[in-house]
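**Student:** Pasting a structure below so you can have a look.
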Amino acid sequence: LDKKLVQRKHFPSVNWLISYSKYDKALEPFYDNFEYWHKKDGSSGSGAMDRGESLTELRREARKILQKEDELNEIVQLVGKDSLAEADKVCLETARIIKDDFLAQNAFTPYDKTCPLYKAATEGGLP
């Protein structure tokens, strides 16, 4: 567990940059074949549906964004957020959304203590 995440009350307090799983390779075929569908236009109403990316690719993309955010935070501490390019600011905001809205959980609420895989795939889907 990461002490800084515990202090910020981010649960589960597992550091996404240094954590690992021995099951990644064993589960990759399942994640690659898992099908989930999302709206082509991103709306919540009725409309055309499109097959999403593989969950393995979504996970890799999320990890890349979180690693990039960690690198950018060092720059922000030295020269400030205003000196960053717009693309880097978007990366920081995307990482914040991944961390605060997707990775953080509240086990005391009925809607957040468990999450089906299809819901995690659609909520964690990255542009």
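**Student:** Once R0 is set to 30 Å, what does the formula 1/(1 + (r/R0)^6) return for the Cβ-Cβ distance between Val6 and Asp32, expressed as a FRET efficiency to the nearest 0.05?
**Tutor:** Step by step, r from the Cβ atoms, then E = 0.35.
**Student:** Cα-Cα over 22 Å: which of Lys3/Lys99; Lys22/Lys113; Lys22/Lys64; Lys4/Lys99; Lys9/Lys99; Lys64/Lys89?
**Tutor:** Lys22/Lys113
**Student:** With each pseudo-label sitting 7 Å past Cα toward Cβ, what's the Asn15-Ala87 distance in nm, one decimal?
**Tutor:** Taking the two extended label points, one gets 2.9 nm.
**Student:** Which FRET efficiency value, to the nearest 0.05, do you get for Thr109 and Glu74 by plugging their Cβ-Cβ distance into 1/(1 + (r/R0)^6) with R0 = 41 Å?
**Tutor:** 0.75
**Student:** How long is the gain from Ile97 to Glu57 if the chain were fully straight, where each residue apart is worth 0.36 nm and the alpha carbon distance is subtracted?
**Tutor:** 12.6 nm
**Student:** If ligands, DNA and RNA are left out, what is the accessible area of Phe102 with a 1.4 Å probe, given in Å² to the nearest 10?
**Tutor:** Estimated to the nearest 10 Å², Phe102 gives 80 Å².
**Student:** Counting only the heavy atoms of the protein chains, how much of Ile97 is accessible to a 1.4 Å probe, in Å² to the nearest 10?
**Tutor:** Per-residue accessible area (Ile97): approximately 80 Å².
The values are calculated or read from the model by the stated rules, or taken from the named source; none is laboratory data. Model, not experiment: these values are computed from the prediction. Glycine gets a Cβ as well: all are built from the backbone with ideal geometry, and neighbour counts include every protein chain shown. We work out accessible area using only protein heavy atoms, side chains counted, and drop any ligands, DNA or RNA first. Shrake-Rupley method; radii C 1.70, N 1.55, O 1.52, S 1.80 Å.
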